[in-house]
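Asker: Sharing a structure, written as structure tokens. Questions coming.
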Amino acid sequence: MFLDKQTFTAVIDSTPLVSIDLVVEDERGDVLLGERANRPAKGFWFVPGGRIMKNERLTDAFERLTRDELGLSVSLAQAELIGPFEHFYSDYVFGEDVTTHYVVLGYRIKVKRANLALPTEQHARYHWFTVSELMQSKDVHLHSKWYFDSARTE
């Protein structure tokens, strides 16, 4: 269920959002990142993902997000849980007057590049990075780097 701007702003201002992030690896082990077109993290390279909706089962949310973000429906059973993460932002989807707090479930999936049909609603463009490239890039958001940092201690 999508909320109107006023209601969604109140939700973001009052509570954490629960979301799923997708660490998408291809046949060679390269990782798909999209350049964020919207706040928060606008302009940074970021893993695909999105919010879990009210009354949406985790399995259904996972399949919806893979379909919407990758053009490929993947089941939760095909994914590997990386772990829970917390993301804090000083802005939110509609501006800078509200902060955003996400509780994120990170999952790794393996795909064939040719099977993807990447949309442009959330990401202006896409790029396949090696893990080394994304870890070294100042344009890849820190929260996306966390999925590859085994020494991360929050």
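The values are calculated or read from the model by the stated rules, or taken from the named source; none is laboratory data. Quick caveat, the model's predicted, so the values are computed rather than measured. When we count neighbours, we look across all protein chains shown, and the Cβ atoms used for this are built from the backbone with ideal geometry, even at glycine. For the accessible areas, the whole protein counts, side chains as well, though only heavy atoms, and no ligand, DNA or RNA atoms are used. Shrake-Rupley method; radii C 1.70, N 1.55, O 1.52, S 1.80 Å.
Asker: Mean residue ellipticity at 222 nm from the helices of the chain, using -39,500 (n - 2.57) per DSSP H segment of n ≥ 4 over the full residue count, to the nearest 500 deg cm²/dmol?
Answerer: For the chain, the value works out to -6000 deg cm²/dmol.
Asker: Here's another thing I want to ask about it. What is the angle, in °, between the Cα long axis of helix 58-70 and the longest principal axis of the Cα atoms in the chain? Nearest 10 is fine, range 0 to 90.
Answerer: The angle comes out at about 70 degrees.
Asker: Could you calculate, for segment 81-154, the ratio of the Cα radius of gyration to the Kirkwood radius, expressed as Rg to Rh?
Answerer: 0.98
Asker: Okay, next question. Give the residue list of GluC sites (Glu not before Pro) in segment 61-144 that are DSSP loop and have at most 15 other beta-carbon atoms within 10 angstrom.
Answerer: Glu96, Glu121
Asker: Mind listing the long-range amide H neighbours of His123? Cut-off is under 5 Å, sequence gap 5 or more, other chains count too, H placed in the peptide plane at 1.01 Å from N.
Answerer: Close amide H contacts, sequence-distant or interchain: Ala37.
Asker: In whole Å, how far is the Cα centre of segment 4-55 from that of segment 92-127?
Answerer: 4 Å
Asker: With a 1.4 Å probe and all protein chains left in place, how much of the accessible area of the chain comes from carbon and sulfur atoms, in whole percent?
Answerer: Of all accessible area on the chain, carbon and sulfur atoms account for 50 percent.
Asker: Which net charge results for the neighbourhood of Leu116, defined as the other residues with beta-carbon distances under 13 angstrom from its beta-carbon, given Lys and Arg at +1 and Asp and Glu at -1?
Answerer: -2
Asker: Working from Cα positions, state the angle (0 to 90°, nearest 10) between the long axis of helix 5-14 and the longest principal axis of the chain.
Answerer: 80 degrees
Asker: Please quote Rg/Rh for segment 1-140 to two decimal places, taking the Kirkwood radius as Rh and restricting both calculations to Cα atoms.
Answerer: 0.95
Asker: Quick check for you: with a 1.4 Å probe and neighbouring chains kept, what is the accessible area per residue of segment 10-79, in Å²?
Answerer: 45 Å²
Asker: Also, I was wondering about something else. Are there trypsin sites (Lys or Arg not before Pro) in segment 26-63 that DSSP puts in a loop and that have at most 16 other Cβ atoms within 10 Å, and which ones?
Answerer: Passing sites in segment 26-63 are Arg28, Lys42, Lys54, Arg57.
Asker: Would you tell me the accessible area of Thr100, worked out with a 1.4 angstrom probe on the heavy atoms of the protein chains, in Å² to the nearest 10?
Answerer: Approximately 10 Å² for this residue.
Asker: Shifting gears a bit: For the pair Arg67 and Phe94, what calculated FRET efficiency results from E = 1/(1 + (r/R0)^6), where r is the Cβ-Cβ distance and R0 = 35 Å, to the nearest 0.05?
Answerer: 0.85
Asker: Kindly sort Phe46, Phe94, Phe148, Phe2 by accessible area of their heavy atoms, largest first, with the probe set to 1.4 Å.
Answerer: Solvent-accessible surface, decreasing: Phe2, Phe94, Phe148, Phe46.
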